[in-house]
Amino acid sequence: MNNATEIGTKGHPEVVAPGRSEAGSGLQVTPSAVGRIRAILAKEGISPEVGGLRLGVKGGGCSGLSYAIEFDARPRERDNIFEFDGVRVFIDPKSFVYLRGVTLDYEETLMRQGFNFINPNSARSCGCGSSFSV
């Protein structure tokens, strides 16, 4: 089981219980996603102690909002910071409104390879899973 620590904007750590999926639970990252994030950080030469995965939301896509995912060398001042088994995830406050309660998974099959967002806030999403609406 992953134990996630959220370091809130006030600087006080708050443990986020694994396995919760309701909208108030913060963020969950599956073990397969943690492993893939760790591998990409190493390949990019980003230290997991300082850098991490940045998740965000931007306008666009066929459903109105699109997920944004990139790797960042360090968090920004107002980021929500989550840690899962030594891997950090950064989410800016505006995006966190849409991403609160999301589970990030990584899938690698013959048909598909990539990160999946399981978003309880999404009213509908497109077929490819990269955009959604609330």
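Readers should treat all values here as calculations from the given coordinates under stated rules, not as data from a laboratory. Remember, it's a predicted structure, so these values are computed and weren't measured experimentally. Here the Cβ positions follow ideal geometry from the backbone for every residue, glycine too, while neighbour counts run over all protein chains shown.
At a 10 Å Cβ-Cβ cut-off, how would you order 34, 89, fewest neighbours first? Could the numbers behind the result be given before it?
Numbers: 34 20, 89 26.
Ordered from fewest to most neighbouring Cβ atoms within 10 Å, 34, 89 come out as 34, 89.
What nm value, rounded to one decimal, do you get for the distance between residue 44 and residue 68 when each label is placed 7 Å out toward the C-beta?
1.4 nm
How far is it, in nm, from the label point at residue 97 to the one at residue 118 when both lie 7 Å from their Cα along the line to the Cβ?
My value for the distance between the label points is 2.6 nm.
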